[in-house]
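What follows draws every value from the coordinates through simple rules; no lab data is involved. Just so it is clear, the structure is predicted and the values come from calculations on it, not from any experiment. Cβ coordinates were reconstructed from backbone atoms using ideal geometry, including for glycine residues, and neighbour counts include every protein chain displayed.
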Amino acid sequence: MINEQITANQVRLIGENGEQLGIVSRAEAIAKAEAANLDLVLMSGGTVPPVCKILDYGKFKYDALKKDKEIKKAQKIIETKEVRLSMTIDEHDIAYRVSSTSKFLQEGNKVKVSLRMKGREQAYVKKAIEIVKDFCERLSEVGTTEKAPELLGRNVFVIISPKKTK
């Protein structure tokens with residue numbers, strides 16, 4: 001809230017340079033802000049009396065937006081890529097998927113490895129888990145499995161996260 005939007009009768013006033021001006025009436029605070037050709041901005045409304053500061057509101061909002069953009073830019077968004085395997089996968093196909101998965105992991109992304117069993121393949125759950133474990137062992141240099149491969153319905157899942165680089 002700024003200027004006339006502030007409803008409190010008395011406010012704790014902070015000057016434009018950060019100095020404490022004490023507890024003053026709202027009208028007096030607005031008059032001081034107008035004399036400095038600035039705005040009276042409510043900083044903390046939950047206190048008694050509320051804390052207000054004399055400052056340029058447009059510049060204040062601009063700086064806040066700029067700070068938010070910097071914080072967003074500094075955040076690293078981790079994506080989860082998915083690699084699908086099958087029970088009848090060939091050795092060359094596994095090698096190709098291992099190389100592409102290692103690239104994903106080196107970029108800092110997590111990888112979800114899934115193996116879908118169709119039809120009669122569902123009778124060979126141990127073999128499916130072995131295929132997924134073998135795939136994870138081949139990636140042990142660049143990634144670590146978060147937990148052991150698990151069976152959900154007709155799929156075997158495991159999530160591999162990148163190893164921490166120092």
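Of note:
- Residues of the range 147-166 that are within 20 Å of MET87 (Cβ to Cβ) and of a type in the set (Gly, Ala, Ser): ALA148, GLY153.
- Residues (touching a residue at least 40 places away in the same chain (Cβ under 8 Å) and of a type in the set (Ser, Thr, Tyr)) located in the range 70-103: THR80, THR101, SER102
- Candidates in the range 1-25 are the residues that are of a type in the set (D, E, K, R) and either touching a strand residue (DSSP E or B) at 6+ places or on another chain (Cβ under 6 Å) or in contact (Cβ under 8 Å) with a residue 24 or more places away in the chain (or both); of these, the one that is surrounded by the fewest Cβ atoms within 10 Å (Cβ to Cβ) is GLU4.
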